[in-house]
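Accompanying notes for the structure given below.
The values are calculated or read from the model by the stated rules, or taken from the named source; none is laboratory data. Everything numeric here is computed off the predicted structure, so don't read it as measured data. Here Cβ is always computed from backbone atoms with ideal geometry, including for glycine, and neighbour counts include all displayed protein chains.
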Amino acid sequence: MIAALRARRPRISMPGITAIGVKELRGRMRGRRAFVSVTVYVLIVAGFTWMVGRILEDSARQQFGFNPQFQSASIGRGIFAALMFLQTLMISVLAPASTAGTISGERERQTLDLLVVTPISSVAIVVGKLLSSLTWVFVLITASIPVAALVFVYGGVAPDDVLRGYLVLFVTAIAFGALGTFFSALVRRSGAATGLTFVAVLVSTVGLSFIWVFLRASSAFQVNAAGVPTADRPAEALVYLNPFVAQVDVACGAEGGTGSWCQIIAEVTGDPSVVNQGGGVVAPVAVPLGKGGVVVNGGAPVVVNDVAPTIGGQRDRYWPRSVLVLLLLALALTAAAVQLITPTRRWRPTRPRVRRGRRTEGTL
Amino acid sequence: MTTIVRTEGLVKRYDRTVAIAGVDLDIAEGEIFGLVGPNGAGKTTTLRILATLLEPTSGQAEIAGWSVNRNPNEVRRVLGFMPDVFGVYDDMRVWEYLDFFARCYGLPAAARRRIIGDLLDLVDLADKRETYVQGLSRGMQQRLCLAHALVHDPQVLLLDEPASGLDPRARVELRELLRELRTLGKTILISSHILPELEELCTSVAIVDSGRVLASGRISDIEQRLRVGSVLRARVLADGETLEAARGWFAAQPEVASAAILRDGTIEIGFRGDEPQTAALLRDAVAGGLAIASFSRAASDLEELFLQVTGHEESTPSEVSS
């Protein structure tokens, strides 16, 4: 009998994920709710895009002396950046909101036990729930792609820029979704889990970035022995968790590696080419910026004005690192959530254990 | 009969509180085994350990030869569990609920369709197939939960207080259902603090209190093993001092272990003797001038047995000083 049992014991990780996914999506996509939410999302994105387009067009009309083609491209880039920021903002809210109640909700409804005693693994439960919540968010993001494609009418943005922007969006959804799942597994109440998740999202976006700005401001006026401002800036890793900065880098890429978005990225990454010196004009530079590029600290900073920008000069320097860190965070949080719902786990945080003990005692 | 569920010295401790302090169970295949005890006795903890939801602090638990600690996945395949409190998903129809759990056990689509039909027939919910789960009555939800525990045709069913919150009619239905399951060859471990419920149903019981098994085995065996004798009730036409004198008379008779006056004036006698001796006691009492209006042997039931067993030991302290 034992041998027979062993023989028919499949690794049902995938069926487990499918089971959870089918169940979750059935609930989520039932009725008009899913249809309405996608419609509302697309309407918001489209309406916003239209308004930004109007603003940029009006302001472009007031300028003169510019090449209309160039203006159109600049409007296109403006719309693209605005669209990506808006979506990053919306996804930063929607992704955690859709996952923060998944596991705590099972606990509150007292259905988690029923799930845990089935042979599906804790991994399947967490990943299945995360994926099905994310599927809904992915549907929203995907539904906005046609709106984003409108920027091609104006030009100035290449399809691969849009691709980059959407990649960052999807990763944002995964990372903040995993954050929600983690707190959902950690805390019993869905309300508390949602609250903590949003605090964590705020910390990783606004909070850490503000710390970066603070550190940058306090180091801005330090000069080295030669009287040259040191490029001693806070680590860029502090803002890796902020998907908005990654979108800034994507927007910078659309600018061809030069422009106002790139200045922000240069500020963050400490790129030597744009170090401002003595009120000089900050300008992009035509030197290759790979490793072993221009050394600033201790040497003369390179300040070059009126140099023809090299297309792609600063491209893809920052956002891939941010995306990687966000994905690693998602992985770590998912693993932690799995640990938290495995009943026979070795490691257990102290406080919940005490609480759990009392609770169980009460229901003996 | 082969043992299918076995626990040995099962202990679960939470910081300073001991939930169970060494539970030994031995349950043969095909039994309906009752775990009886007051609230807080450790029934739920024991069942949750067997269901792989809790890790025991020490001790062994095995189901169908698989260790609950070391092979939780194998245990989960042979086990159906119905917790004492359970919720249902919103936004789910009855058949979807069962379909979901059948998927969790990796059943293919054809098998799922067949088994959902069979189970809905079994628990008498076939006409509720398309109803939303949260719209079912408590008793129906209970039956649905039982059905969910059966999707993978488990050998062992663990039911924690399955009848709590059910009206009498639903209780009877549940009992019938469990009997039917037994004829299908399932071993059922059922916990309850409502004793009559188990008495009619169970082949064996374990009486637990304060985290220990005080007695276990067939109900009749436990009775024989533990009974100090029988309980007699005598209604004597007397009150005040004369009633007290009557009690004193009974207490002084041979084979009488105790005699006490109950609130309604009846004298309850703990009697070690057999039936002829009971007859002799009554004869002597009448001859001794006691006006006896009624004299009977208290019905022996599980409840009484339970009270006797749990009354034997002073309740074990569950708080461990550390």
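Can you confirm whether A:Ser104 is assigned to a helix (DSSP H, G or I), over 21 Å from the mean Cα position of the chain (by Cα) and at pLDDT 90 or above?
Details: assigned to a helix (DSSP H, G or I): yes; over 21 Å from the mean Cα position of the chain (by Cα): yes; at pLDDT 90 or above: yes.
So A:Ser104 passes the test.
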Practice problem: Check whether at least one residue in segment B:94-103 is without any contact (Cβ under 8 Å) to a residue 60 or more places away in the chain and assigned to a loop (DSSP other than H, G, I, E, B), and report yes or no. | Solution: no
Self-check item: Condition met for B:Val309 (assigned by TED's automatic domain parsing to the domain that holds B:Ser192, surrounded by 12 or more Cβ atoms within 10 Å (Cβ to Cβ) and either within 30 Å of B:Ala19 (Cα to Cα) or modelled with pLDDT under 85 (or both))
Solution: no
Self-check item: When residues of segment B:67-79 are limited to those that are part of a loop (DSSP other than H, G, I, E, B) and at the interface with another protein chain (Cβ under 8 Å from one of its Cβ atoms), the one nearest to B:Val18 (Cα to Cα)
Solution: B:Asn69
Quiz item: Right, B:Ala64: facing another protein chain (nearest Cβ under 9 Å) and either under 27 Å from the mean Cα position of the chain (by Cα) or modelled with pLDDT under 90 (or both) or not?
Solution: yes
Quiz item: For B:Leu158, are the conditions met, namely being buried (at least 22 other Cβ atoms within 10 Å of the Cβ) and under 18 Å from B:Ile63 (Cβ atoms)?
Solution: yes
Quiz item: Can you tell me which residues in segment A:146-182 are more than 17 Å from the chain's Cα centre (by Cα), among the hydrophobic types (A, V, I, L, M, F, W, C) and part of a helix (DSSP H, G or I)?
Solution: A:Val147, A:Ala148, A:Val151, A:Phe152, A:Val153
Quiz item: Within segment B:16-37, can one find any residue that is in contact with a Phe, Trp or Tyr (Cβ under 9 Å, 6 or more places away or on another chain), of a type outside the set (S, T, N, Q), within 30 Å of B:Phe306 (Cβ to Cβ) and assigned to a loop (DSSP other than H, G, I, E, B)?
Solution: yes
Quiz item: What residue, among those in segment B:104-141 that are free of Cβ contacts under 8 Å to residues at least 40 places away in the same chain and among the polar types (S, T, N, Q), is nearest to the other protein chains (Cβ to nearest Cβ)?
Solution: B:Thr131
Exercise. Could you check how many residues of segment B:169-222 are among the β-branched types (Val, Ile, Thr) and either in a loop (DSSP other than H, G, I, E, B) or more than 13 Å from the chain's Cα centre (by Cα) (or both)?
Key: 6
Exercise. Could you tell me whether any residue of segment B:52-60 is within 21 Å of B:Arg175 (Cβ to Cβ), within 10 Å of chain A (Cβ to nearest Cβ) and surrounded by 16 or more Cβ atoms within 10 Å (Cβ to Cβ)?
Key: no
Quiz prompt | Number of positions in segment B:1-50 that are of a type in the set (S, T, N, Q), surrounded by 18 or more Cβ atoms within 10 Å (Cβ to Cβ) and more than 9 Å from chain A (Cβ to nearest Cβ) | solution = 2
Quiz prompt | Residue check for B:Ala110: modelled with pLDDT of 90 or more, under 27 Å from A:Gly27 (Cβ atoms), surrounded by fewer than 22 Cβ atoms within 10 Å (Cβ to Cβ) and not polar (S, T, N, Q) | solution = yes
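Answer yes if at least one residue in segment B:80-95 is closer than 19 Å to B:Ala28 by Cα, buried (at least 23 other Cβ atoms within 10 Å of the Cβ) and within 9 Å of chain A (Cβ to nearest Cβ), and no otherwise.
Keep residues of segment B:80-95 that are closer than 19 Å to B:Ala28 by Cα, which gives B:80-81.
From the residues that got through so far, the ones that are buried (at least 23 other Cβ atoms within 10 Å of the Cβ) too are B:80-81.
Going one step further and asking which of them are within 9 Å of chain A (Cβ to nearest Cβ), we end up with B:80-81.
Within segment B:80-95, one or more residues are closer than 19 Å to B:Ala28 by Cα, buried (at least 23 other Cβ atoms within 10 Å of the Cβ) and within 9 Å of chain A (Cβ to nearest Cβ).
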Practice problem: Kindly indicate the residue of segment A:244-270 that is of a type in the set (Asp, Glu) and over 17 Å from A:Leu215 (Cβ atoms) and also modelled with the lowest pLDDT among those meeting that condition. | Solution: A:Glu255
